[in-house]
Each structure stands twice: as C-alpha cells, then as structure tokens.
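Chemist: Can you read through this structure? Questions will come right after.
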Amino acid sequence: MVTKPAVVILDAIPSADQIRITPSLKSQKGSVWTKTASSFENWEVEVTFRVTGRGRIGADGLAIWYTAEQGLDGEVYGAANAWNGVGIFFDSFDNDGKKNNPVILVVGNNGKLLYDHQNDGASQALASCQRDFRNKPYPVRAKIIYYKKTLTVMINNGFTPDKDDYEFCAKVENMILPPQGFFGISAATGGLADDHDALSFLTFQLTEPSKDALMGISQRQKRTMDDIFESVNERELRQIFEGQNRIHLEIKQLNRQLDMILDEQRRYVNAVSETVTKTGGGNEAQQASQQELDILLNGQREVLKHVSDMRISVGETLKLVSGNQNLGAGGYETTQHFNDLKEHLHVVKRDIEHLVQKNLPHEKQKCPEIPVPSCLSTTHFFMFVAVQSVLLIGYFMYRNQQEAAAKKFF
Ligand code: MAN
Ligand code: CA
Ligand code: CA
C-alpha cells in the first residue's frame, strides 16, 4: 500500500494540485518538510516545480533539502542558515553580478558553514550547472539520486512534455550525509520576486540489487506528496462504482415492486373474469354490462402484459448492471455494456410511459355503469347478496389455491 506522507507546511499555500511556496511578492519565504525523518541508506527524490515571474530577471530561488533537522527558520532560500546535510539550490538571481545565473548548485554543510548569499555560494558549491529553469512551458523536474555516497542531480528543463527527458547536471562523490534526515523544499524572494510552485515531491528508497534479491523487497518504495490528495482518476472510478451500486439497488427495488404489482393484477383479472362468466346471460342490460366488462378485462390483460414485459426488461437491466460491476474499468467492453444498459433503461422508460397512458382516464376506457334498477326490489337485493357471496367465496378459494401453489415453489 502507498502511504500518505505527512508534511509540515510553513507559510506556503497548498491547493488541489500544487503548493505555492512563495508568491511573487517581495521578501517572502516558505517551505514544506516531511514530518518524520527517513533513514534510507540510498535514496532518490523527484521534484516537479515551476518558477515563474513577469520580469526578465526573477528572485531569489528554490532549494531541495535533505537535512538532519527540518530547516524551519532561516534565510537560505527560506530555510535554515546552518543546516546539517545537503541543499540543492536553484538560484535565479545573480547577486555577485557574474552573469552566471540562473544556476543549480549543490552545497553540503555539517551545520557550521554560513551560506554566502551575496556571492551566490560560489566558493561553497560542491558541484553546479547553469540552467535556466524560469518560465518554462512545462514543469521543471529535478531528480536527485544519493546512491553509494554519490549524489547526482539530473534535470528535465521543462521544454518538452516528456517526463523522462532528463539531462545530467551535477555530481558529488564521497558525500557523507546524516543517516537520518528530513526531505524539504523551500523558496524565497527579496527585492525581486517569482512565484515558486511545487507540483510534486516523490521520495524513493533505493536498495542495492544484491540485497534486493536476498530480501525480496521492491527496489523503489514509493511515497508521494500527490497521495495527500485522492487522484482524479481514483475519484472518478469510485464515483462510477458508487453510482452503479445505487442504480443496482434502485432497479432491484423496482423489480420487487413490479413483481408485487404483477401478482396483484393477475389476481384481480382472474377474479373479474370469474365474475363475468358467472353473471353471463340474462337480459339486454346485463349483456351490455358484460360487454363493457369484457372490454375492461381486455384492457387489464394488456396492462398485465405490459407490466410483465417491463419486469423482464428490468430483470435484464439488473443483470447488465451486475455484470458491469464485475468488469474492470475502461475498454470497449465497458462502453458496450453502458450502451446496452442505456438501451434497456430506455425500454423500461417507454413501457412505464405506455403504462401511465393506459391507466390515464380517457373516454374509451371509462368503467361501465352498472345498470341499477330505479327501485330496489327484495328479489334484486337477494340476488345482489347472493352474487356478492359467490364472488367472495370464489375469490378466497382462488387465493388459497394460488398461495398453496406458491408455497410449493419455496
Ligand atoms: C535585494 C536583496 C537580496 C536579493 C535581491 C533579489 O537586493 O533582498 O538579498 O537577493 O533583492 O531579490
Ligand atoms: Ca543568488
Ligand atoms: Ca552569480
């Protein structure tokens, strides 16, 4: 698992995709430090940053640190004056007027050296290379490798989008660094100013190949500042899966409700059908009433069929959604499934619309008016009671029968 490194932020402004270590205002400083010390014998850091300013000349620069203590307070590119460890300085401003800035320099310190800011640390640099890292179209990348006591600085100068386009800058051999230390990035402005923005800061532990094989651990253990924030891709994927889960549950619920409606409708149609059969024949009024009941019955059967179709559609959609959840992200298959899903949901929608229209009260489907005699005679009353009782008994018998049949299945 990739762990989220805790960092200490000093006067820097974090946002979703970068940390502004200094804004382009006069005499600013800021820094970001790992919260806990690392004790890697060999390590590598990959830092992505931008130094931008309106002027042809900017100031003062940015530093990448590996030091025994966090350089929380000081004047050296916004960090401690007397550090124990190493600083890789990206010095924008030519303080000594030798026309040799911007420059990248490696300055080691055992805690006793005082940085010579006025001379751009010229006599203190263990190695350096002149590179212009300001106002580049792509972020600048620095890869600093400390391996077997040799420190190497590689630079991608931000001219291409190719992340791996590194060039050698500087190398210091036999460099003894504290066994434990904090990684940091800092920046400062003075009379002149630039925006100093850190986009990412990755630290890796390097292990020698032989040890690697013996211990069976990965050569680069990745810890990244990016992981402070959930990546955009991860977030989108999580949202898709959460959304699908909700759709799945909703459709399941819909399916259950449709099952219930279907059952209810079936019982109702059968009951009405029995009534029509039993009350068949008789006078003209009764025959007219029976015809109207037939129409109603047919209407109901059609509704039943539609509900049934809809249930099948919902069932298939449900299957598709479940299938989709088992699929990984991306690819043609996923797109195809989403299209199928869309199509099925469309069918369900159409069926529902149809059903709603069917059930809307309009002229043709008005319920038949039951012919009621102008005056209720005793014969009529008893006939009515008898028919009601027969209907009720029939309905109960039918229901018991259905329930018995259903029980057999479970
Ligand atoms: C002023 C001073 C210096 C600084 C430059 C550039 O001259 O603040 O220390 O290096 O401005 O910002
Ligand atoms: Ca300088
Ligand atoms: Ca200089």
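Nothing in this text is a laboratory measurement; each read-out follows from the coordinates by a stated rule. Just so it is clear, the structure is predicted and the values come from calculations on it, not from any experiment. A quick note on method: Cβ atoms are made from the backbone with ideal geometry, for glycine too, and the neighbour counts reach across all protein chains shown.
Chemist: Please give me the summed charge of the neighbours of GLN28: other residues whose Cβ is under 14 Å from its Cβ, Lys and Arg +1, Asp and Glu -1.
Modeler: -3
Chemist: Cα-Cα over 31 Å: which of LYS26/LYS148; LYS112/LYS136; LYS99/LYS171?
Modeler: Flagged as over cut-off: LYS26/LYS148; LYS112/LYS136.
Chemist: Whose amide H sits under 5 Å from the amide H of ALA188, counting only residues 5 or more places off or on another chain, with H placed in the peptide plane?
Modeler: ASP60, GLY61
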